[in-house]
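The values are calculated or read from the model by the stated rules, or taken from the named source; none is laboratory data. In this text, all values refer to a predicted model and were calculated from it rather than measured experimentally. Heads up, the Cβs are rebuilt from the backbone with ideal geometry, glycines too, and the neighbour counts pull from every protein chain shown.
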Amino acid sequence: MALMDCKTDIVIVNWNSGRYLAECVDSIRTFGGDALGKIVVVDNGSTDNSLAIDGGGISLEVIRAGKNLGFARACNLGASQCASPYVLFLNPDARLMDATLDKTLAFMESDAAAMIGICGVRLVDEDGKAHRHCARLPEARIFVGRAVGLEGVFPSLFPAFYLRDFDHLTSRAVDQVIGAFFLVRRHLFGRLGGFDERFFVYFEEVDFTLRAKKSGWSTWYLAEAVAFHKGGGTSEQVKAHRLFYSMRSRMLYAMKHFSPGGAATVIALALFVEPIARLVRAVLRGSGQEFADTLRGYGMIWKNVPVLMRPILNYHDVQMRRHD
């Protein structure tokens, strides 16, 4: 395929993102160039004015879900409307910069990238400082280290989740890149069935990356291509709910990919040890808001344990039947 014919469609999931969505679309209009196929915005029942956006000469499709479908399901819905060779999942609090797409697609079309299925770029803040967002694919010991604070004490036994020792200024193969800028070959996305929709939000891209790796595809971090990312995004509005969904997705990931013993350890720590550590940290920081958000978040988790476990147990039953 000639590079001039190679395009990516961009899927943006919006939920009350305010001005960020308009700024994101404006950046695509300015810097998308010939690499852009179309933009698909999936709105998860926003109640603000964030959908007051204008394609301004570029192909823009807005899907109004009417309710919050969750990130994974909304991404799959958006991707179902895409036809370009690549799909870029882009957060509304991210913005393209000069040649972001051109450099990314040029690399992905190169011989060196023949078996690279997923690509991320260098994400920077307002001051141009690179976010250290690349991470390891989680193992049980990574979750254990994070939960009990051992990752900094015994890093060889409990490695950190994020690659904090990597300055993110050079390109390299990595286990995973952040979902804020997640470019994937469309045929791979379709072959793997897209994101697992049981992950309402968080870990859906981690799960997808692991499944891609098991299928023989790798992930690349491209430092030469740069984009802006605010970080936090709309989840800053609902911190207690963010904690709830993060813990839920962590437990689902553990049950799906870890041994029974590893999954049980991760879930026990998430339910009974980590909340104490988080509350103590809030007290030491003198943050009443963090303390209250933690209580609310874990209150939702403990109250909904049977509901949280249902998709996990259903998955386990399906796997057991497959092996019978």
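Applying the set (1) hydroxyl-bearing (Ser, Thr, Tyr); (2) modelled with pLDDT of 95 or more; (3) not in a helix (DSSP H, G or I) to Thr104 leaves exactly one unmet item: (3). Taking each residue of segment 295-312 that is more than 12 Å from Ile267 (Cα to Cα) and acidic (Asp, Glu) and looking for partners that are assigned to a helix (DSSP H, G or I) and at pLDDT 85 or above with beta-carbon atoms closer than 6 Å, six or more apart or interchain, yields nothing. Taking each residue of segment 57-74 that is assigned by TED's automatic domain parsing to the domain that holds Ser246 and looking for partners that are of a type in the set (Ser, Thr, Tyr) and at pLDDT below 95 with beta-carbon atoms closer than 6 Å, six or more apart or interchain, yields nothing.
Output yes when any residue across segment 236-250 is over 16 Å from the mean Cα position of the chain (by Cα), at pLDDT below 90 and of a type in the set (Asp, Glu), and no when none is. No: segment 236-250 contains no residue that is over 16 Å from the mean Cα position of the chain (by Cα), at pLDDT below 90 and of a type in the set (Asp, Glu). So for segment 55-73 (the condition being more than 24 Å from Ser110 (Cα to Cα), part of a helix (DSSP H, G or I) and touching a strand residue (DSSP E or B) at 6+ places or on another chain (Cβ under 8 Å)), does at least one residue qualify? Within segment 55-73, one or more residues are more than 24 Å from Ser110 (Cα to Cα), part of a helix (DSSP H, G or I) and touching a strand residue (DSSP E or B) at 6+ places or on another chain (Cβ under 8 Å). Residue count for segment 13-26, restricted to those that are assigned to a helix (DSSP H, G or I) and closer than 21 Å to Glu205 by Cβ: 3. For segment 150-176, a tally of residues being small (Gly, Ala, Ser), out of contact with any helix residue (DSSP H, G or I) (no Cβ under 9 Å at 6 or more places or on another chain) and either crowded, with 20+ Cβ neighbours inside 10 Å or farther than 24 Å from Phe89 by Cβ (or both) returns 1. Asp5: closer than 22 Å to Cys119 by Cβ, at pLDDT below 95 and among the charged types (D, E, K, R), yes or no? It is true that Asp5 is closer than 22 Å to Cys119 by Cβ, at pLDDT below 95 and among the charged types (D, E, K, R).
State whether the residues of segment 110-117 include one that is surrounded by 14 or more Cβ atoms within 10 Å (Cβ to Cβ), over 21 Å from Arg185 (Cα atoms) and hydrophobic (A, V, I, L, M, F, W, C). Looking for residues that are surrounded by 14 or more Cβ atoms within 10 Å (Cβ to Cβ), over 21 Å from Arg185 (Cα atoms) and hydrophobic (A, V, I, L, M, F, W, C), one finds none in segment 110-117, hence no. Going by what's in this entry, would Arg136 be described as surrounded by fewer than 17 Cβ atoms within 10 Å (Cβ to Cβ) and closer than 19 Å to Ser249 by Cα? In short, yes.
Would you point out the residue of segment 96-129, among those that are among the charged types (D, E, K, R) and without any contact (Cβ under 8 Å) to a residue 12 or more places away in the chain, that is nearest to Lys214 (Cα to Cα)? Per the stated criteria, the residue is Asp111.
For segment 32-60, the candidate set comprises residues that are among the hydrophobic types (A, V, I, L, M, F, W, C) and farther than 13 Å from Ile10 by Cα; within that set, the residue that is surrounded by the fewest Cβ atoms within 10 Å (Cβ to Cβ) is Ala52. The residue that is nearest to Ser246 (Cα to Cα), among those in segment 61-86 that are surrounded by fewer than 20 Cβ atoms within 10 Å (Cβ to Cβ) and of a type in the set (Ser, Thr, Tyr), is Ser80. Between Ala282, Ala263, the distinction of being over 30 Å from Asp98 (Cα atoms), modelled with pLDDT under 90 and small (Gly, Ala, Ser) belongs to Ala282 only. Number of residues in segment 212-232 that are crowded, with 18+ Cβ neighbours inside 10 Å and either within 16 Å of Gly190 (Cα to Cα) or in contact with a His (Cβ under 8 Å, 6 or more places away or on another chain) (or both) equals 4.
Given the structure, is Ala147 surrounded by fewer than 18 Cβ atoms within 10 Å (Cβ to Cβ), among the small types (Gly, Ala, Ser) and either part of a loop (DSSP other than H, G, I, E, B) or touching a residue at least 24 places away in the same chain (Cβ under 8 Å) (or both)? Here the answer is no, as Ala147 does not meet what is asked.
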